[in-house]
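One structure below.
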Amino acid sequence: EKGGYEHFMLKEIHEQPKAVQDTIGAYLKGNQIDFSEIGLEDEELASIERFYIIGCGSAYHVAMAAKYVLEDMTQIPVEIDIASEFRYRNPILVKNSLVVIISQSGETADSLAALRLAKEKGAAVLGIVNVVGSSIARESDYTLYTYAGPEISVATTKAYSTQLVAMYLVAMRTAQIRGLLSDEDCEKMIAELQTLPKKIQKILDDKERIQWFASKYANAKDMFFLGRGLDYAISLEGSLKMKEISYIHSEAYAAGELKHGTISLIEDNTLVVGILTQSNLYEKTVSNMVEVKSRGAYLMGLTTYGNYSIEDNADFSVYVPKTDPHFATSLAIIPLQLLGYYVSVAKGLDVDKPRNLAKSVTVE
Ligand code: BG6
C-alpha cells in the first residue's frame with residue numbers, strides 16, 4: 001500500500017512530480033491554459049477587481065505564496081485569510097471579488113464556513129480542491145480540482161504542491177487575459193512550468209544529503225526559518241512541516257522582521273534555515289544571515305544553483321534548480337519537506353499520524 005516506502009509521507013513526497021504534472025496537464029489545451037471545462041470563462045477572470053484567498057494550515061501557506069505571484073503578475077489586489085479568521089471578522093467583499101477557497105479534503109469546517117459566508121455576501125467562489133465531490137467542491141461556483149490523488153499522511157506534501165501550480169495557472173491566465181502577459185511569454189512560462197516535475201525529481205534524487213543533515217540536527221530544541229517575499233511563504237510551510245511531524249519548536253520569520261524581537265532567541269548553535277530563491281532579495285536576506293551567524297547560529301542556506309556565495313555564511317547549503325522566480329516555491333519546499341520527514345524518522349516518531357492532529361478537521 002505504501003509502494004515500498006516506509007511511510008505514506010515519503011511515498012507522497014515522491015509522487016509530487018506526477019501530481020504536479022497531472023494538475024498542469026488537466027488545464028492545458030495545446031499550449032494554452034484553459035478553464036472553460038470548469039466553467040471559469042475569460043470574461044469572469046477579466047472582471048475580477050480583487051482576490052480573496054482563504055484556507056487553513058498549509059492551504060493558507062499556498063494562499064500566501066499565491067498572493068505574491070498574483071499581485072506581481074496580474075496587478076490585482078489580493079487579500080489572504082485564515083478561514084477561521086475570515087469567517088468571524090465580517091469581511092468586506094468589494095464588487096467583482098473572486099474568493100478562492102483552497103482545501104485538500106474539501107471538508108474543513110472553517111473553510112466551508114468561509115465559502116458559505118463569501119457566497120452569502122454575493123461573491124463568486126473558486127474552490128481549489130483535491131477530493132472529488134467533497135462539500136467545498138460541490139458548493140463552489142467553479143471547482144478547480146488538483147490531481148494529487150489520495151493523500152493519507154496527515155502532513156500534506158503533494159496536495160500542497162498541486163495547489164501551488166493551480167494558483168500559478170490562475171495567475172498566468174488572468175495576466176494573459178488582461179494583456180499583462182503576452183501570448184508568447186505565456187507559452188514560455190507554460191514551458192517552464194512543465195519542467196517543474198523533472199526539477200522536483202532532481203531534488204528528490206539528492207535526498208540522502210538532507211537525510212544526513214536531519215539525523216545530525218534531530219535533537220534541536222528550536223528552529224527558525226527566514227525568508228523575504230515568496231521565501232517567507234516557503235518559510236511558513238517549512239516551519240509547519242517541522243513542528244507538526246518532528247515536534248520541534250519552530251518559527252518562520254520575514255527576514256527583515258527578525259531584528260524586531262526574534263533575534264534575541266538566537267544563541268550558540270540555534271539552527272536557522274535561510275531561504276533565498278528570489279534574486280532581487282538575495283543580498284537583503286544574506287545580510288540577515290550574517291546577523292544570525294554572528295550571534296552563533298548554525299546556518300542552513302537554501303538557494304538556487306549558482307548562488308554559491310551563500311557558502312561564505314552557511315554551514316550547510318542546499319541548492320535547487322533555477323526556474324521562473326514565481327515558481328520557486330515549488331522547488332524550495334521539497335528539501336524542507338524532506339528535512340521535516342527525516343528529523344521525524346530520526347526521532348522515531350509516528351510520521352504519518354502525528355500526535356493531536358487529524359488529516360481533516362471537520363469540526364470547529
Ligand atoms: C490540517 C492538516 O489540520 O488541515 C493540514 O493537518 C491541512 O495539513 C489543513 O493543511 C487544511 O486541510 P484541507 O483539507 O482543508 O486542505
Restricting to aspartates and glutamates and to Cα separations under 14 Å from Lys293, and discarding same-chain partners fewer than 8 apart, the set is Glu267, Asp268, Glu311, Asp312, Asp315
What value does the range 75-161 have for Rg/Rh, both radii from Cα atoms and Rh as Kirkwood defines it?
-> 0.97
Three-way shape call for the range 200-324 based on the alpha-carbon gyration tensor, with the a/c threshold at 1.5 = rounded
Compute the acute angle (0 to 90°) between the alpha-carbon long axis of helix 158-177 and the principal axis of greatest extent of the alpha-carbon atoms of the chain; round to the nearest 10°.
-> 50 degrees
Sort the range 257-356 into rounded, prolate or oblate with this rule: let a ≥ b ≥ c be the square roots of the eigenvalues of the Cα gyration tensor; rounded if a/c is under 1.5, and if a/c is not under 1.5, prolate when a/b is larger than b/c, oblate otherwise.
-> oblate
At 222 nm, what helix-only mean residue ellipticity would the chain give, in deg cm²/dmol to the nearest 500, using -39500 (n - 2.57) for each DSSP H run of four or more?
-> -13500 deg cm²/dmol
Lys pairs in the range 1-101 with Cα under 29 Å (8 or more apart in sequence, or on separate chains) total 6
Rounded tilt (10° steps) of 109-120 against the dominant C-alpha axis of the chain | 30 degrees
Measuring from its Cα centre, the range 35-81 shows a charge dipole (+1 at each Lys and Arg Cβ, -1 at each Asp and Glu Cβ) which, in debye to the nearest 20, is 300 debye
Please give the peptides 338-349, 259-270 ranked by average Cβ packing (other Cβ atoms within 10 Å per residue), highest first, as a rough proxy for protection.
-> 338-349, 259-270
Grab the other residues whose beta carbon is less than 13 angstrom from that of Ala166, score K and R as +1, D and E as -1, and report the net.
-> +1
Using alpha carbon centroids, what distance separates the range 208-276 and the range 300-364, in Å?
-> 10 Å
Taking only Cα atoms, what is the 0 to 90° angle, nearest 10, from helix 230-246's long axis to the longest principal axis of the chain?
-> 70 degrees
Out of Ile33, Ile200, Ile92, a Gaussian network model of the chain with alpha-carbon springs under 10 Å gives the largest mean-square fluctuation to Ile92
When only C-alpha pairs under 8 Å and at least 6 residues apart count, what is the relative contact order of the range 244-364, in percent?
-> 27 percent
Please identify every one of the trypsin sites (Lys or Arg not before Pro) in the range 45-103 that sits in a loop by DSSP and has no more than 11 other beta carbons within 10 Å of its own beta carbon.
-> Arg89, Lys95
If eta is 0.890 mPa s and T is 25 °C, what Stokes-Einstein diffusion coefficient results for the chain, Kirkwood Rh from Cα pairs, in µm²/s?
-> 119 µm²/s
Rg(Cα) / (2.2 N^0.38 Å) computed for the range 1-130, rounded to two decimals | 1.16
May I ask you to list the GluC sites (Glu not before Pro) in the range 1-74 that are in a DSSP loop and have at most 15 other Cβ atoms within 10 Å of their Cβ?
-> Glu1, Glu6, Glu41, Glu49
The chain - share of DSSP beta bridges that are antiparallel (%, nearest 5) | 5 percent
Grab the other residues whose beta carbon is less than 12 angstrom from that of Leu70, score K and R as +1, D and E as -1, and report the net.
-> +1
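The numbers here are math on the coordinates, done by the rules we state, and not lab data. Fair warning: this is a prediction, and the values are worked out from it, not measured in the lab. So basically every Cβ, Gly included, is an ideal-geometry build from the backbone, and we count neighbours across all protein chains shown.
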